[in-house]
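Here's the structure we're looking at; comments come further down.
The values are calculated or read from the model by the stated rules, or taken from the named source; none is laboratory data. Keep in mind that what you see is a predicted model, and the values were worked out from it rather than measured. Heads up, the Cβs are rebuilt from the backbone with ideal geometry, glycines too, and the neighbour counts pull from every protein chain shown. Heavy atoms of the whole protein, side chains included, go into the accessibility calculation; ligands, DNA and RNA do not. Shrake-Rupley method; radii C 1.70, N 1.55, O 1.52, S 1.80 Å.
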Amino acid sequence: MGAKTLTCLSCAQLNRVPEEKLSKGPKCGSCGAALMPGKPVDVDPATLQKAVQNDDLPLVADFWAPWCGPCRAMAPEFSKAAKALGGKARLVKLNTQDHQSTGARYRIRGIPTLVAFERGKEKKRQAGALSQGQIVSWLRG
Ligand code: ZN
């Protein structure tokens, strides 16, 4: 059985999780936070970068800002998608108002923008608000 590397989204510690435990509520060995929380987690730029570089599972980042109406409208859909994608991907949110240089670093031109990362690379991106079903099929497509 293989093991997956997952970056703790709370403390940024790297964890090795046996594949068979991914669906069983694995926790960070350092801080005890859920590694597969089943809901979007707010991350800072350093944690996002570390997770992008190290994670063995797909990572989907929602670049958003509190002043953006479509972003707020999409938030509950993004939460439902995180639940639907359970042990297959992790969803995170990055507040581009608090972290403006990160939006530039990832070449975010409009928000909300979803960026899917896999094994250290950007796999795809999508600008504009999506429903839960659209998020899930976009990621799988
Ligand atoms: Zn942790």
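For region 15-43, residues that are open to solvent by 70 Å² or more (accessible area, probe 1.4 Å), more than 9 Å from the ligand (Cβ to nearest atom) and of a type outside the set (S, T, N, Q) total 7. Candidates in region 19-52 are the residues that are under 11 Å from the mean Cα position of the chain (by Cα) and aliphatic (A, V, I, L, M); of these, the one that is farthest from LEU94 (Cα to Cα) is MET36.
Scanning region 84-95 for residues that are among the basic types (Lys, Arg) and under 22 Å from ILE111 (Cα atoms) turns up ARG90, LYS93. The residue list ALA51, ALA84, ALA104, ALA73 contains one member that is open to solvent by less than 10 Å² (accessible area, probe 1.4 Å) and out of contact with any Lys or Arg (no Cβ under 7 Å at 6 or more places or on another chain), which is ALA51. Residues that are modelled with pLDDT of 95 or more, under 18 Å from GLU118 (Cα atoms) and touching a Ser or Thr at 6+ places or on another chain (Cβ under 8 Å) within region 63-90 comprise just one, PHE63.
For the subset of region 44-69 comprising residues that are farther than 21 Å from SER101 by Cβ and charged (D, E, K, R), which member is farthest from the ligand (Cβ to nearest atom)? My answer is ASP56. Summed over region 53-82, the residues that are within 22 Å of GLY128 (Cβ to Cβ), outside any strand (DSSP E or B), under 12 Å from the mean Cα position of the chain (by Cα) and not hydroxyl-bearing (Ser, Thr, Tyr) give a count of 4.
Summed over region 1-14, the residues that are assigned to a loop (DSSP other than H, G, I, E, B) and more than 9 Å from the ligand (Cβ to nearest atom) give a count of 2.
Going by the structure shown, is ARG125 touching a strand residue (DSSP E or B) at 6+ places or on another chain (Cβ under 6 Å) and either over 27 Å from SER23 (Cα atoms) or open to solvent by 50 Å² or more (accessible area, probe 1.4 Å) (or both)? So ARG125 passes the test.
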